[in-house]
Protein chains: 2
Amino acid sequence: MYDEELTNLMIPGPVPIHPRVYRAMSRVIFGHRTPEYQNLYKETVSLLQRLLQTEQDVLVFAGSGTAAMEAAIANTLEPGERVLNLVNGNFSERWTELTTTFGGTPVIQEYSYGQAVDPERVREALASDASIRIVTMCHNETSTGVLNPAKEVGQIVRDYDRLFLVDGITSVGGDYVFPDKWNFDMLVTGSQKCLGVPPGLCAIWVGSRAWQKIEKRKQPSPTFYLNLLKAKKRYDGFGDSPFTSAVSLMYGLHESLKIMFEEGYENRVERHHRLGRITRAGYLGSGLELLADPAHYSNTVTAVKYPSGITDKEFRGQLQNLGILVAGGQGPVKGKIWRTNHMNICTERDVLSTLAIIEVVLKRLGYEFPLGSGVLAAQEQLLKEKV
Amino acid sequence: MYDEELTNLMIPGPVPIHPRVYRAMSRVIFGHRTPEYQNLYKETVSLLQRLLQTEQDVLVFAGSGTAAMEAAIANTLEPGERVLNLVNGNFSERWTELTTTFGGTPVIQEYSYGQAVDPERVREALASDASIRIVTMCHNETSTGVLNPAKEVGQIVRDYDRLFLVDGITSVGGDYVFPDKWNFDMLVTGSQKCLGVPPGLCAIWVGSRAWQKIEKRKQPSPTFYLNLLKAKKRYDGFGDSPFTSAVSLMYGLHESLKIMFEEGYENRVERHHRLGRITRAGYLGSGLELLADPAHYSNTVTAVKYPSGITDKEFRGQLQNLGILVAGGQGPVKGKIWRTNHMNICTERDVLSTLAIIEVVLKRLGYEFPLGSGVLAAQEQLLKEKV
């Protein structure tokens, strides 16, 4: 059994954390209702605003990314409203479950796993159904390694004057996400992906049009813990959260955001893009097929199809014995793909060693290909990169 | 500039440290003259004894490995005594400097860098010079990647009834070292190599014949801090050290030794051997030459000759920009070799990614070879290994 703490977490979250974040989290906690803590809280929120290039509200909750998705739906949706759910993977499907849970009527626009959302199909759906009030999308589909065209869809949803709720859980902090410029109305994220903090925090960006709908609700919001108006009121008044803040995780988020801006936002995003290119070159070089449409590759997670005869259990088990944890497939692609991340503090080293060891495991399991061909392709890509 | 804390320390020490050791070191310190601390101290010493498969004394000092080497010489050597220094690298040469410092007469048996000590030449030297009292050797020559035949030389030195002082700084904890069975009289080590602790601690194993010489000294030992009799007396009486112990480092050493025995001593040594084989296969596969005599490869550090036209400064600088720190050459091979470690928590991942990135840097610097050939050879080696 490989040592857990020496295993490389190549799963798409939680991902390896910078040692400075662990240190920040290990500091002795202070009272959460003190001006000192409120100052740190406000500074953290303002770093998140800087990351999203926004001056609008960002509210932080103790909870996973799903809690922020729930906050988005529970606060905006009124029972009986029709919601266009753009579904091209397991995480975009979660919006449908939330829509149903909170009494909405899902209008599902479905895509096969690996396909990206098509802005023209969104336009058609909105043009043909005036009763749709809300559109939901997953920006970076973690289950398929697809980056959806959020900017293009945002423009269309705005043209039709609907609310656009976006899951940015695996894009915020690793790829470009501009909720104001791209006409989002809500954007949710979680701490354990490209934000580089252990799981347990989520954040929600709320635009002015979303606030208008929330303020004009006929029925009160059906959530107590995730009530956004209450959260905004508390933050505006005191600079903290209505319920007990996850103090250590906030210390970690504060430090991680500082690290991001020390690296530089553009540099950081470019690194994620570069690691995506190297990863894809590597897998393709081993003769493997990727799940995602090549026009819409994610820059933070890559999904690879198993060659015939390779079982998920054996493959991931042997990799774990060699110190690398990767994720399997979900839903219709369960057992058919594996997924690796290139997020947060991931480096060329992580990507290259993961490819090299995956090749050895595939060879042991009988996949016929020239050993080393993937690593070579990845090395050739690195050779071309400006780094 | 690459983030220091995300850089992979592939230099032959200090090496990356297990997170549990960092955590152990971060615990609040306790009084160093308390039964509680003395119990931890004694337990740590007994784990070192278990590692060395000995019941003889192991004394720990706050200091680097060189301090332990100084303790070995300063306590045993009497001014005017002749010392046979077996010199086949920069670290074995240090014994000569110590011999001179403490008034001994060095008899240097020199080998070229990369060559191993030849037991027959040692026998000849001892047979022809009855006045030699002490023989010094570096077990694992960190400067050249050579593992010297300590067992064979130990037998010869014992046959001639001289004292055998051995530097095990980069072998203890990573390779087999049995001071009793191999007829050593003193063995020194440091914390920051295969023992997996930050620098600052050293240990010295003292055999009964060494104690006899120390006890019969005509002049008192010229060292105060490193006085072994004083250290033994204090340890036997109280279970700690005569001067203030490096408490946090001892917490770290205690934890690291526990981790070693959880992995298993044989498993640990086999891992070091395996990583050595994979590393060498990789370098040789890239068409590079190793410095060491193939019959005497070190299992913890590998030294590689620069191809002509590649400068040390550019090579190591570019590698550092890609997040890998390797060491250059010393003495006569300065600028002519680089060195990488495979020690402590080093994994197949570290070795493979180091090889992959070194290849890219060599290619950028103009070395002509088939890119990927070294990684492929390393992968083929890994494929053969039982892991």
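Read-outs throughout are calculated quantities, based only on the coordinates presented, and are distinct from any laboratory measurement. Remember, predicted model here, so these are calculated numbers, not experimental data. Note that we place each Cβ from the backbone using ideal geometry, even for glycine, and neighbour counts take in every protein chain shown.
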**Message:** Suppose you put the label 7 Å out from Cα in the Cβ direction; list, shortest first and in nm with one decimal, how far B:Arg364 is from each other copy's label.
**Reply:** 3.2
**Item:** Rotational relation B to A, axis-closest Cβ in chain B, residue and distance rounded to whole Å
**Value:** B:Ser353, 2
**Asked** Working out 0.36 nm times the residue gap between A:Ala295 and A:Arg217, then minus their Cα-Cα distance, what length gain in nm do you get to one decimal?
**Response** 24.1 nm
**Complete:** One finds, for B:Glu97 and A:Phe30 with R0 = 45 angstrom and r their Cβ-Cβ distance, a FRET efficiency to the nearest 0.05 of 0.30
**Complete:** If unit charges are put on Cβ atoms (+1 for Lys and Arg, -1 for Asp and Glu) and the dipole of chain A is taken about its Cα centre, the option from A:Ala68, A:Thr144, A:Tyr265 lying farthest towards the positive end turns out to be A:Ala68
**Asked** Which order do peptides A:122-132, B:129-139, B:215-225 fall in by mean Cβ count within 10 Å, highest first?
**Response** B:129-139, A:122-132, B:215-225
**Request:** Only Lys, Arg, Asp and Glu count, each charged at its Cβ (+1, +1, -1, -1), so figure out the dipole size of the stretch B:294-376 about its Cα centre, rounded to 20 debye.
**Result:** 240 debye
**Prompt:** Within 10 Å of each Cβ of A:368-376, how many other protein chain Cβ atoms are there on average?
**Reply:** 4
**Complete:** Length gained if A:Gln56 through A:Glu270 is fully extended, taking 0.36 nm per residue and subtracting the Cα-Cα distance, is 74.5 nm
**Request:** Rounded to whole Hz and in sequence order, give me ³J(HN,Hα) for the stretch B:284-296 from the Karplus expression 6.51 cos²θ - 1.76 cosθ + 1.60, θ = phi - 60°, writing x for Gly and Pro.
**Result:** 5, x, 7, x, 8, 10, 8, 6, 6, 4, x, 7, 9
**Complete:** the stretch A:282-347 and the stretch A:14-31 have their Cα centres apart by a whole-number Å value of 29 Å
**Message:** With the label 7 angstrom out along Cα to Cβ, how close does B:Leu325 come to the same site in each of the other copies, in nm, nearest first?
**Reply:** 2.7
**Equivalent ellipsoid, the protein assembly as shown (semi-axes from 5 times Cα gyration tensor eigenvalues, Å)** = 59, 30, 19
**Exercise: per-residue mean of other protein chain Cβ atoms within 10 Å, B:4-14** = 2
**Asked** For the pair A:Asp129 and B:Gln49, how long in nm is the line joining their label points, each one 7 Å along Cα→Cβ?
**Response** 7.7 nm
**Prompt:** Summing +1 for each Lys or Arg and -1 for each Asp or Glu, what net charge is found among the other residues whose Cβ lies under 14 Å from the Cβ of A:Val28?
**Reply:** +2
**Asked** Could you give me the ³J(HN,Hα) list for the stretch B:132-137, computed from phi with Karplus coefficients 6.51, -1.76, 1.60 and θ = phi - 60°, whole Hz, x at Gly and Pro?
**Response** 5, 9, 9, 10, 10, 8
**Complete:** Least to most buried among A:Lys230, A:Lys384, by other C-beta atoms within 10 Å and fewest first, runs A:Lys384, A:Lys230
**Request:** Using only Cα atoms, locate the centre of the stretch A:172-221 and the centre of the stretch B:145-178, then give the distance between them in Å, rounded to an integer.
**Result:** 64 Å
**Fill in**
Looking only at lysines whose Cα falls under 16 Å of B:Lys181's and that sit 8 or more positions away or on another chain, we get B:Lys151
**Message:** How shielded is B:360-367 by partner chains, expressed as the average number of their Cβ atoms within 10 Å of its Cβ atoms?
**Reply:** 2
**Prompt:** For the stretch A:169-273, what does the alpha-carbon gyration tensor say about shape, rounded, prolate or oblate, given a ≥ b ≥ c as the root eigenvalues, a/c under 1.5 as rounded, and a/b over b/c as prolate?
**Reply:** oblate
**Prompt:** Taking only C-alpha pairs under 8 Å that are 6+ residues apart, what is the relative contact order of chain A in percent?
**Reply:** 23 percent
**Item:** Spatially proximal lysines relative to A:Lys363 (Cα-Cα < 30 Å; intrachain offsets below 8 disregarded)
**Value:** A:Lys305, A:Lys313, A:Lys334, A:Lys336, A:Lys384, B:Lys363, B:Lys384, B:Lys386
**Asked** Nearest 20 debye, what's the magnitude of the dipole of the stretch A:19-261 about its Cα centre given +1 on Lys and Arg Cβ and -1 on Asp and Glu Cβ?
**Response** 760 debye
**Request:** Identify, among A:Gly31, A:Ser208, A:Val247, the residue whose Cα sits farthest towards the positive end of the charge dipole of the stretch A:19-261, taking +1 on the Cβ of Lys and Arg and -1 on the Cβ of Asp and Glu, with the dipole about the Cα centre.
**Result:** A:Gly31
**Complete:** Note on chain A: alpha-carbon gyration tensor, axes a ≥ b ≥ c; rule is a/c under 1.5 for rounded, else prolate if a/b larger than b/c, else oblate; result oblate
**Request:** Rank these for me by crowding, B:Val28, A:Val351, going from fewest to most other beta carbons within 10 Å.
**Result:** B:Val28, A:Val351
**Prompt:** Assigning unit charges at the beta carbon (Lys, Arg +1; Asp, Glu -1) and nothing else, what dipole magnitude in debye, to the nearest 20, does the protein assembly as shown show about its Cα centre?
**Reply:** 1000 debye
**Asked** Between copies, how far does the label point of B:Glu215 sit from its twins, in nm, shortest first, when each point is 7 Å from Cα along Cα→Cβ?
**Response** 9.1
**Prompt:** Under a straight-distance cross-link criterion of Cα-Cα below 19 Å, which lysines are reachable from B:Lys232, leaving out those fewer than 8 residues away in the same chain?
**Reply:** B:Lys42, B:Lys213, B:Lys216
**Asked** Most exposed first by the Cβ proxy, i.e. fewest other Cβ within 10 Å, how do B:Glu359, A:Glu36, A:Glu348 rank?
**Response** A:Glu36, A:Glu348, B:Glu359
